[in-house]
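These notes concern the structure reproduced below.
Just so it is clear, none of the values below were taken in a lab; they were calculated from the coordinates. Values in this document were obtained by computation on a predicted structure and should not be read as measured data. Cβ sites come from the backbone with ideal geometry, for glycine too, and all protein chains shown count toward neighbours.
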Amino acid sequence: MYPLKVCLVGCGQKIIPDLKRELTSLSVTIDAEWPDIRSAIAELTLTKADTCLLIVQPDSIEELRQLERLNEVHSGQPILALVDLSVHEPAMLLRAMRSGAAQVVRAPIQADDFKTAMRRIAVQFGSPPPKSKVIAVCGATGGCGATTIAINLAAEIAEHQEQSCILVEGGLQFGRLADYLAVQPALTMADLVADMERLDVELVRHALTKISDNFNVLVGSYKKVAMLEIPPAAVLRLHNYVRQLASVIVVDMPQTFDMNYFDFLMGVDKVVVVFEQKISSIRGAQLILEALERHGCTAAPHLVINRYHESARAFSADRILKLLKVNRMVGVTNDRAPVFMAETNGRTLRQQNPRSRALADIRELSNQLMDQPEGPANTLSFGSVCSSLANLLALR
């Protein structure tokens with residue numbers, strides 16, 4: 001959610017559709033609309049409104065004088081001026097700034113330019129956008145499908161939850177997301193941290209690759225193994241910039257399990273631990289949970305049995321719940337064909353097969369992580385497991 005309410009002043013019908021679309025993408029609340037600057041001055045004086053961002057489209061020199069008066073009378077209100085260069089000379093940009101506009105954007109609106117101006121105003125007026133929710137997806141063992149879960153979880157948060165989401169590769173030096181999603185970004189995370197003097201939020205934005213509406217990805221090095229010594233402070237700075245660019249960040253964690261790994265998990269909002277119905281994988285999940293507890297991690301872990309099958313007789317789900325000392329977990333159905341085809345084609349499950357059973361389970365996981373009501377998915381708890389899996393063999 002953008003930290004300032006917005007009021008539109010004298011914005012013409014020609015620009016309104018594009019303007020409202022960009023404001024919606026930034027989760028901006030439009031508090032009021034006034035036909036001209038005089039009306040805005042009168043209304044703000046009468047109501048003594050709280051600080052809000054005034055987006056103004058001055059159409060004449062006289063309106064620039066009114067803009068200057070608006071700035072003088074209501075100096076606490078930041079102003080973003082829209083100047084249509086198809087109508088006005090370029091000098092109008094400077095005049096708008098001299099009249100009190102904190103930022104000036106050319107019309108027709110260019111999305112990147114407009115978003116940059118909006119974020120700069122938020123910083124300038126002491127109300128930076130709130131940091132996004134960070135969800136870390138951890139694989140208990142290699143090959144358990146944690147990356148597949150991370151990709152499709154991020155896609156569901158973007159599409160089903162309608163939240164802007166960035167999927168971030170945890171492994172900077174050696175990435176796999178580019179191949180999973182069939183993309184070839186010009187910039188990778190390794191490129192970003194290789195030159196810390198140039199690193200800023202706009203460079204990070206430039207490194208994002210769009211997968212679908214609301215869903216972008218930031219990948220690790222995929223053309224070569226990047227032999228870099230990356231200090232933890234550089235990674236933290238990079239992630240702080242990423243958090244300014246979306247409502248939700250999903251991090252596909254590398255399987256390093258070192259101090260930096262667990263230190264990073266201390267700063268996230270949600271931890272997802274992915275494992276399979278195998279001895280080594282269950283044990284790996286157990287070790288991760290124990291390590292999180294020792295480190296004092298405050299984020300309650302969400303457990304996911306990937307490729308789950310009720311007929312798997314080697315392990316019963318109720319026994320796994322008891323072993324891991326949790327009350328419930330999500331089972332992602334072993335839906336081989338759609339998952340295989342999605343990975344082969346470089347697509348998300350939603351893009352490949354929106355009716356996939358595995359996708360329905362991942363959607364339920366997204367509901368839990370985003371604190372939404374649960375649906376009829378594969379959520380396993382002591383009660384449901386005991387009734388539906390009573391005939392399975394217990395773990396011996």
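Using only the Cα atoms of the stretch 5-124, build the gyration tensor, take square roots of its eigenvalues as a ≥ b ≥ c, and label the shape rounded, prolate or oblate: rounded if a/c is under 1.5, else prolate if a/b is larger than b/c, else oblate. Cα axes put the stretch 5-124 in the rounded bin.
Per-peptide packing, taken as the mean over residues of other Cβ atoms within 10 Å, places 50-56, 316-322 in the sequence 50-56, 316-322 from highest down.
What number, rounded to the nearest 500 deg cm²/dmol, is the helix-based mean residue ellipticity at 222 nm of the chain, given -39500 (n - 2.57) per DSSP H run of at least four residues and division by all its residues?
Working: 17 runs with 163 residues, N = 396.
Helix contribution divided over all residues of the chain: -12000 deg cm²/dmol.
With each label modelled as a point 7 angstrom along the Cα→C-beta vector, the E43-K325 pair spans 5.8 nm. Here each label is just a point 7 Å from Cα along the line to Cβ, and for F340 and T51 those points are 5.8 nm apart.
The trypsin sites (Lys or Arg not before Pro) of the stretch 100-160 that DSSP puts in a loop, and whose beta carbon has at most 14 other beta carbons within 10 Å, are K131. The trypsin sites (Lys or Arg not before Pro) of the stretch 329-359 that DSSP puts in a loop, and whose beta carbon has at most 12 other beta carbons within 10 Å, are R355.
Taking square-rooted eigenvalues a ≥ b ≥ c of the alpha carbon gyration tensor, is the stretch 304-351 rounded, prolate or oblate, where a/c under 1.5 means rounded and, failing that, a/b exceeding b/c means prolate?
Working: a/c = 4.16, a/b = 2.28, b/c = 1.82.
In terms of gyration-tensor shape, prolate.
Seen against the Cα atoms of the chain and their longest principal axis, helix 279-294 is set at about 50 degrees. Cross-link reach is defined here as a Cα-Cα straight distance under 28 Å, omitting same-chain residues fewer than 8 places apart; for K278 the lysines meeting it are K270, K322, K325.
Scoring 13-23, 136-146 by mean Cβ neighbours within 10 Å over their residues and listing the highest first yields 136-146, 13-23. The value of relative contact order for the stretch 133-388, using C-alpha pairs under 8 Å at least six residues apart, is 25 percent.
Where a ≥ b ≥ c are the square roots of the eigenvalues of the C-alpha gyration tensor, would you call the stretch 205-270 rounded, which needs a/c under 1.5, or, failing that, prolate if a/b is larger than b/c, or oblate? Mind dumping the intermediate values first?
On the way: a/c = 1.78, a/b = 1.23, b/c = 1.44.
Oblate, since a/c reaches 1.5 and b/c is not below a/b.
In loop segments of the stretch 199-283 as defined by DSSP, the trypsin sites (Lys or Arg not before Pro) with at most 10 further C-beta atoms inside 10 Å of their C-beta are K223, K224.
Taking packing as the residue-averaged number of other Cβ atoms within 10 angstrom, the listed peptides 287-294, 163-170 run from highest to lowest as 163-170, 287-294.
Of all beta bridges that DSSP places with both ends in the stretch 133-388, some 20 percent have antiparallel geometry.
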